[in-house]
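The values are calculated or read from the model by the stated rules, or taken from the named source; none is laboratory data. Predicted, not measured: the structure shown is a model, and the values here were computed from it. Reconstructed Cβ throughout: ideal geometry from the backbone, glycine too, with neighbour counts over all protein chains shown.
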Amino acid sequence: MKELNKQKILLEKHKDIARIDQDSKRTHGWYVRVRFKGRTHSKFFSDIKCGGHYSSLLSAISWRNETEVKIGKVRTNKHMVTMTSSKTGVVGVRLNEKLNRYEVSWVTHQGKQGKTSVSINKHGEKKAFIRACSIRQEKEQKRLEY
């Protein structure tokens, strides 16, 4: 039974963790890369140094989880965007000056794209922005609950 659990963990996909097996360089282990707010934290866990394939994976998972706590990233296996190229500075909220509205986008828990908009004409600039940010936050929270 213990061996079955071990196999299951080895076969599962682990977010931000990749297996590296490079015979030519005698490199075998797990590479962890945690990205958050424009910074990347990474570390390699060698099978030899950690005591085997399974032990190095457990070390990699543990380091990833501890690093996420340390930097303030929410622990989830779902993809999260923490940087934006939008002029609003808020992920998933952008200003459409042509249509005079804020456009809100998100990914549903089923992995589909969700969109809505908030009129600046109807709510005013400041209230429309606050409303758009609130919608985005609510939708993202709902996605993470699943």
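Name the single residue that is surrounded by the fewest Cβ atoms within 10 Å (Cβ to Cβ) among those in segment 102-146 being in contact with a helix residue (DSSP H, G or I) (Cβ under 7 Å, 6 or more places away or on another chain) and among the aliphatic types (A, V, I, L, M).
VAL107
Could you identify the single residue in TYR31, TYR102 that is without any contact (Cβ under 8 Å) to a residue 60 or more places away in the chain and not assigned by TED's automatic domain parsing to the domain that holds GLN137?
None of the other options fit; the residue is TYR31.
Could you name every one of the helices (runs of 4 or more DSSP H) located completely within segment 34-146 that has at least 3 residues being closer than 27 Å to ASN5 by Cβ and modelled with pLDDT of 90 or more?
Where helices (runs of 4 or more DSSP H) fall fully within segment 34-146 and carry at least 3 residues being closer than 27 Å to ASN5 by Cβ and modelled with pLDDT of 90 or more, they are 47-50, 53-71.
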